[in-house]
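What follows is calculated from the coordinates using simple rules that are stated; it is not laboratory data. Just so we're clear, the structure is a prediction, and the values are computed from it rather than from any experiment. Cβ: placed from backbone, ideal geometry, glycine included. Neighbour counts: every protein chain shown.
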Amino acid sequence: MSIIQVEHLKSFFKTDEGIVKAVDDVSFELRENEILALVGESGCGKSVTAQTILGLLKSPPAMIEGSIKYHGQELVGLSNKAYHKLRGKEIGMIFQEPMSAFDPLYTVGDQAAEAVAVHSKLNKPEIRDKIIAMFNKVGIPEAENRYDEYPHQMSGGMLQRMLIALTLACDPKVLIADEPTTALDVTIQAQVLNLMRDLQNEFNTSIIFITHDLGVVAELSDRIHVMYAGKIVEKADVVELFDHPKHPYTKGLLASRLKREMKGQILPFIKGTVPRAFEFPEGCRFHPRCPHAMEICKQKDPDPVAFENGHVCSCWLYLKQNKTDGVESQ
Amino acid sequence: MASFIIRRILIIIPMMFIVSFICFFLTELQPGDFVSQYLENPRISPEQIELIKERLGLDQPPMTRYVMWLKQIITKGDFGYSFAFKRPVIDLIWERMGWTISIALSTILFQWIVAVPLGIFSALHPYRMWDYILTFVAFIGISIPNFFFALILMYLTNSSGGLFSSQFIGAPLTWAKFYDLLQHVWLPIAVIGLSGLAGLMRVMRGNMLDMLGAPFVNSLRARGLPEKQVRKHVIKNALNPMISIAGMELPNIFSGTVITAIVLNLPTMGPFFYTALLNHDQYLVMTFLMFIAFITQIGNLLADILLAVLDPRIRMS
């Protein structure tokens, strides 16, 4: 059963420098009870995808096309008013920078209570109890006292837990986590990841987990979608992707992970940088950086190719192989 | 919080000493002194001038006079004697303080009541027709000199300035007199308020736009808060930086509107200060400057306290 069905989603922005195709023809589904990871370098359109789903992009300048279905309900073109009923209550979101996700002038408790009050019929003391219980659940020590403190009095890890608690206190069916551990230091990262996995098991929330960190993904997610320059280039189960990466970009990403044996060597990396969003190259957008780039890659965008186990990859290497029999798989 | 306020109040004392020193030597740097005006008067002989100098204490070296002045202030609360009015300067300033402060405060109130809502409106509909119109009007407001605007309004309303019609000057306070005051007082408030109002509106608009783009606003929306509630958060955050501006505004209105006050014929301290400056009425000038500095300090103190009340980050550090 899919909860969210995204089809041919496009989020373009009109800017003075041209049209930014931040998300260009992206399709995927989020299934019940799964953690789906969207992986890619900064600027590849992961966050824009998330914000598009929640209707957080201001239009204009954003131009959104395609379809996003939540339990069959079309979200593209939904009125702001209808979105208010959805945000927080059905789809919750947590952000990369917990420090800047809170209004600095209100206590964390007040902010959590404000959000819960919008979505539930509980009275004030009940809301307070619910939030403190949730604070306890996410491992905030002295939750009772912390309730009345201000964001600037907390550490980043603490605030991220609170943001998770606040979001889950509204009982969303779907949680979108936009790089929730990127701004935290490593020990706290692990705690937050474990927490998210535990909470997912407990509340049966489906999660879209956005990150650029493949290590994080390996630990947490069920399926992985790799994004590059506004497109999804590869989709696979987590084990499948790590064992049999297909797309040259995915291979590059996996090769760039640090290992102990690399000490003293030049670290592997993908040559070049992500192109700027208003000057994406023609054809396959990865071709200028791709070690296997062919003539066709510069001209036409490859269509997705399906492999076994739901593995999908958009790359001419495989399309060619399908067309002309006998070319050796590399 | 209490220690914060006490610390802020205590800081005023050394500040005022420094200010008194600067005030004294600034006025001292002015070429000539009170008796200079008699030098070209053929009816006053050089001997008489020396006599006047001696009587006023102007023959003493500056440092001695400064120490004496300071001593009188601290021990007796005596800020000196106006050469021109032959009365204690503190009395002269007190007489004008009431009108000065009430006009200044009403002006600030007027500015805020108009500027803040317009700034918010402008920011919520940016780059639309009304935003452009308000921006245009605001720039006119900033560009027109106050005194010139005063002249235009006086011409249009056929007013001769002042705060009362002639029959009410010196009359006891009655409802009729109060009504007459209301008919006059809007003019200086509108004139003095206009330029600051335009600036405030632009600042408020800028703050609002900054805050609307702040990451926490996205987070608030993602929690499903209705736009009205999100707006409340944004406005509160945008308003805070304005408070420090308000603290600085009081002295600005006192000292920045001298010419306007002369044009409008207002019984405030501005025109009075201007005359004192021309007359080399040293103690009056110094005390006036001290007074402005003191008001600045008080204004900042109040702004800081208010800011601390509203912003937990300041309150707790």
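Of all DSSP beta bridges in the protein assembly as shown, what percent run antiparallel (nearest 5)?
Numbers: 32 of 51 bridges.
If we restrict to bridges inside the protein assembly as shown, about 65 percent are antiparallel.
In the elastic network of chain B, a GNM with C-alpha springs shorter than 10 Å, the most mobile of B:Met286, B:Met63, B:Met204 is B:Met63. The charge dipole of segment B:175-260, taken about its Cα centre with unit charges on the Cβ of Lys, Arg, Asp and Glu (plus for the first two, minus for the last two), comes to roughly 460 debye. If R0 is 51 Å, the Cβ-Cβ spacing of A:Asp301 and B:Ser143 corresponds to a FRET efficiency of close to 0.40. Over all Cα atoms in segment B:75-131, the spread is summed up by Rg and Dmax: 21.3, 62 Å. In whole angstrom, segment B:99-282 maps to an equivalent ellipsoid with semi-axes of 38, 17, 16, each derived as √(5λ) from the alpha carbon gyration tensor and ordered largest first. Projection of the Cα convex hull of chain B, averaged over all directions and equal to a quarter of that hull's surface, yields 22.5 nm². Based on the Kirkwood approach, the hydrodynamic radius assigned to segment B:1-105 is 16.7 Å, with every pair of different Cα atoms included.
Estimated from the Cβ-Cβ distance and a Förster radius of 51 angstrom, the FRET efficiency linking B:Ser102 and A:Asn123 is about 0.60. Counting only residues at least eight positions apart within a chain, or on another chain, the aspartates and glutamates with an alpha carbon under 16 Å from that of A:Lys231 are A:Glu7, A:Asp24, A:Asp25, A:Glu29, A:Glu41, A:Glu65, A:Glu279, A:Glu282, A:Asp301, A:Asp303. Put in order of Cβ neighbour count within 10 Å, fewest first, the listed residues A:Trp316, B:Trp130, B:Trp69, B:Trp175 become B:Trp175, B:Trp130, B:Trp69, A:Trp316.
Whole-Hz Karplus values for segment A:158-173 come out as 4, 5, 5, 4, 5, 5, 5, 4, 4, 5, 6, 5, 8, 6, x, 7 Hz, taken residue by residue from phi with 6.51 cos²θ - 1.76 cosθ + 1.60 and θ = phi - 60°; glycine and proline positions read x. Panel values: segment A:75-114, Kirkwood radius from alpha carbon pairs, Stokes-Einstein at 10 °C and 1.306 mPa s, translational diffusion coefficient 132 µm²/s. Note on the protein assembly as shown: dipole from Cβ charges, positive end direction compared against A:Pro304, B:Leu29, A:Thr107; the farthest Cα belongs to B:Leu29. Note on chain B: helix-only mean residue ellipticity at 222 nm, from DSSP H runs of 4+ residues weighted -39500 (n - 2.57) and normalised by residue number, equals -26000 deg cm²/dmol. Here the contact order of chain B, divided by its residue count and restricted to Cα pairs under 8 Å and six or more residues apart, works out to 27 percent.
Taking the Cα centre of segment A:99-230 as origin and assigning +1 to Lys and Arg Cβ atoms and -1 to Asp and Glu Cβ atoms, the resulting dipole is close to 300 debye. For segment A:15-102, the normalised intensity computed at q = 0.11, 0.17, 0.23 Å⁻¹ comes to -0.35, -0.87, -1.54 (log10 of I(q)/I(0), Debye sum over alpha carbons, equal scatterers, no solvent).
Size descriptors for segment A:162-283, from the alpha-carbon set: Rg then Dmax equal 16.5, 50 Å. Modelled spin-label separation between B:Thr75 and A:Ser2, with each label point placed 7 Å from Cα along the Cα-to-Cβ direction: 9.3 nm.
Ranked by how many other Cβ atoms sit within 10 Å of their own Cβ, fewest first, the residues A:Tyr318, B:Tyr155 fall in the order B:Tyr155, A:Tyr318. Farthest towards the positive end of the charge dipole of the protein assembly as shown, among the residues B:Val217, A:Ala50, B:Pro145, is the Cα of B:Pro145, using unit charges on the Cβ of Lys, Arg, Asp and Glu.
For segment A:22-171, a crude dipole built from +1 on the beta carbon of Lys and Arg and -1 on the beta carbon of Asp and Glu, taken about the Cα centre, is about 340 debye to the nearest 20. For chain A, the mean projected area of the C-alpha convex hull, equal to one quarter of the hull surface, is 19.1 nm². Placing dummy labels 7 Å off each Cα toward the beta-carbon, the span from A:Glu144 to A:Asn80 is 4.2 nm.
Amide H contacts of A:Ile3 (H built 1.01 Å from N, in plane; Pro and chain starts excluded): A:Leu30, A:Arg31, A:Glu32 sit under 5 Å, all sequence-distant by 5 or more or on other chains.
Summarising the amide proton neighbourhood of A:Met227: residues at separation of 5 or more, or on other chains, whose placed amide H is nearer than 5 Å comprise A:Val39, A:Gly40, A:Val233. Under 10 Å, Cα contacts only: if you run a Gaussian network model on chain B, which one of B:Thr27, B:Thr174, B:Thr296 comes out with the highest mean-square fluctuation? Taking springs between Cα atoms under 10 Å, the residue moving most is B:Thr174.
Hey, what does the equivalent ellipsoid look like for the protein assembly as shown, semi-axes from the Cα gyration tensor as sqrt of 5 times each eigenvalue, largest first, whole Å? Please report the intermediate quantities before stating the final value.
Values: eigenvalues 959, 140, 135 Å².
Each semi-axis is the square root of five times an eigenvalue, giving 69, 26, 26 Å.
Computed per residue of chain A from DSSP H runs no shorter than four, each worth -39500 (n - 2.57), the mean residue ellipticity at 222 nm is -9500 deg cm²/dmol. Cα axis of helix B:62-76 to longest principal axis of chain B: angle in degrees, 0 to 90, nearest 10? Roughly 70 degrees, rounded to the nearest 10.
If packing is taken as the mean number of other Cβ atoms within 10 Å per residue, what is the order of A:118-127, B:1-10, A:201-210, highest first?
Details: A:118-127: 13.1, B:1-10: 10.8, A:201-210: 19.0.
Packing proxy ranking, top to bottom: A:201-210, A:118-127, B:1-10.
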